[in-house]
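The values are calculated or read from the model by the stated rules, or taken from the named source; none is laboratory data. Small disclaimer: the values here were computed from a predicted structure and weren't measured. Glycine also receives a Cβ, built like all others from the backbone with ideal geometry; neighbour counts cover every protein chain displayed.
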Amino acid sequence: MEKVEIALQRIAEAILSRLPNLLLAFVTLVAGAWLIKLVLSIVRNRFERNNVDRSLRDFIISIVKFVLYTMLILSAASMVGIQTTSFVAVLGAASLSIGLALQGSLSNFAGGVLILIFRPFRVGDFISSSVGDASGTVERIDILYTTLVTAEGISVFAPNGPLANSVIRNFSNISKRRFEYSIRITSDSDISRAREAILTVLRSDPRILKTPGPEVHAGELADNAVHLIIRGWTAKENYLEIYYSKLADIRQALEGLVTIINVSGKMNPDEAG
């Protein structure tokens, strides 16, 4: 019984001796939590004023919140006499191990941050990348992956690391697009009449821009055929409709006027969106 009383007395003395530090740690936790909320509120408001992407905004705020609360807890722990040196060493070693194990994910994370900051494309844009088979309409931009929907309606998940380091073609971040056709007619055909007939078709459509105007050039003069190159410009929202409809209209206008060998359009597979 006497030993128990001695032990309780020592515990009470230890608590009383550390009571000021405990009170200081408690006040530090309360004041620190209030200050962290104030800092996060200021950062959030600044992001909203600068129209920072919401995905990047929430991610950065969560990281800042984690770092600040970790520092606050370590500070309070050191005030009550808890040794935090070993804890920090273990945390650093764990962070290094996790970083080595997740090198690919960290690369995708860095790429996602770059995409959200510099915004080479936005949700709703049709893009194609020089790496892999990444082409389609951007449906979602996350920290690690960007989701694309191809012209066939297939969802493609492109890692942000390779995507951020690739050459990206954004077909939505433009106001106009050029369409191009290739027509081969026999060498005995009247090139001038064919050219005028084609220009009449293109100039009669108000959706085709007058500046720069449509063009028809002889790209190749072979022994048995003449290769005509046809180019015109239209607003990006009219591109697909113009591309397919004018191809048929030109062929119809040339029937009976010249002998057609072949009619084709020039469109990359990733431009179909």
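Some points to look at:
- Taken over the stretch 114-130, the residue count meeting the criterion of being modelled with pLDDT under 80 and either of a type in the set (Asp, Glu) or surrounded by 16 or more Cβ atoms within 10 Å (Cβ to Cβ) (or both) is 1.
- Residues considered: Arg177, Arg193, Arg184, Arg169. Of these, the only one that is in contact (Cβ under 8 Å) with a residue 24 or more places away in the chain and touching a Phe, Trp or Tyr at 6+ places or on another chain (Cβ under 8 Å) is Arg177.
- Test: Ser264 is modelled with pLDDT under 90, over 30 Å from Thr147 (Cβ atoms) and either in contact with a Ser or Thr (Cβ under 8 Å, 6 or more places away or on another chain) or among the β-branched types (Val, Ile, Thr) (or both): yes
Residue by residue, here is whether (1) under 30 Å from Val113 (Cβ atoms); (2) of a type in the set (Val, Ile, Thr); (3) surrounded by fewer than 17 Cβ atoms within 10 Å (Cβ to Cβ) holds:
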position: Ile143; (1), (2), (3): yes, yes, no
position: Ala158; (1), (2), (3): yes, no, no
position: Asn224; (1), (2), (3): no, no, yes
position: Leu228; (1), (2), (3): no, no, no
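- Looking across Leu102, Leu29, Leu96, Leu91, one residue alone is modelled with pLDDT of 80 or more and not polar (S, T, N, Q). It is Leu29.
- Answer residue from the stretch 165-192, given it is in contact with a strand residue (DSSP E or B) (Cβ under 9 Å, 6 or more places away or on another chain) and small (Gly, Ala, Ser) and is nearest to Ala225 (Cα to Cα) among those: Ser187
- Count of the stretch 165-183 residues which are within 22 Å of the chain's Cα centre (by Cα), surrounded by 14 or more Cβ atoms within 10 Å (Cβ to Cβ) and either modelled with pLDDT under 85 or not charged (D, E, K, R) (or both): 7
- Val201 fulfils the conditions (1) modelled with pLDDT of 85 or more; (2) in contact with a strand residue (DSSP E or B) (Cβ under 9 Å, 6 or more places away or on another chain); (3) not basic (Lys, Arg) except for a single criterion, (2).
- Of all residues in the stretch 199-224, those that are free of Cβ contacts under 8 Å to residues at least 12 places away in the same chain have Cβ atoms under 9 Å from Cβ atoms of residues that are loosely packed, with under 13 Cβ neighbours inside 10 Å, 6 or more apart or on another chain, in Arg203/Lys210.
- The residue that is nearest to the chain's Cα centre (by Cα), among those in the stretch 131-140 that are over 14 Å from Pro162 (Cα atoms) and surrounded by 15 or more Cβ atoms within 10 Å (Cβ to Cβ), is Val138.
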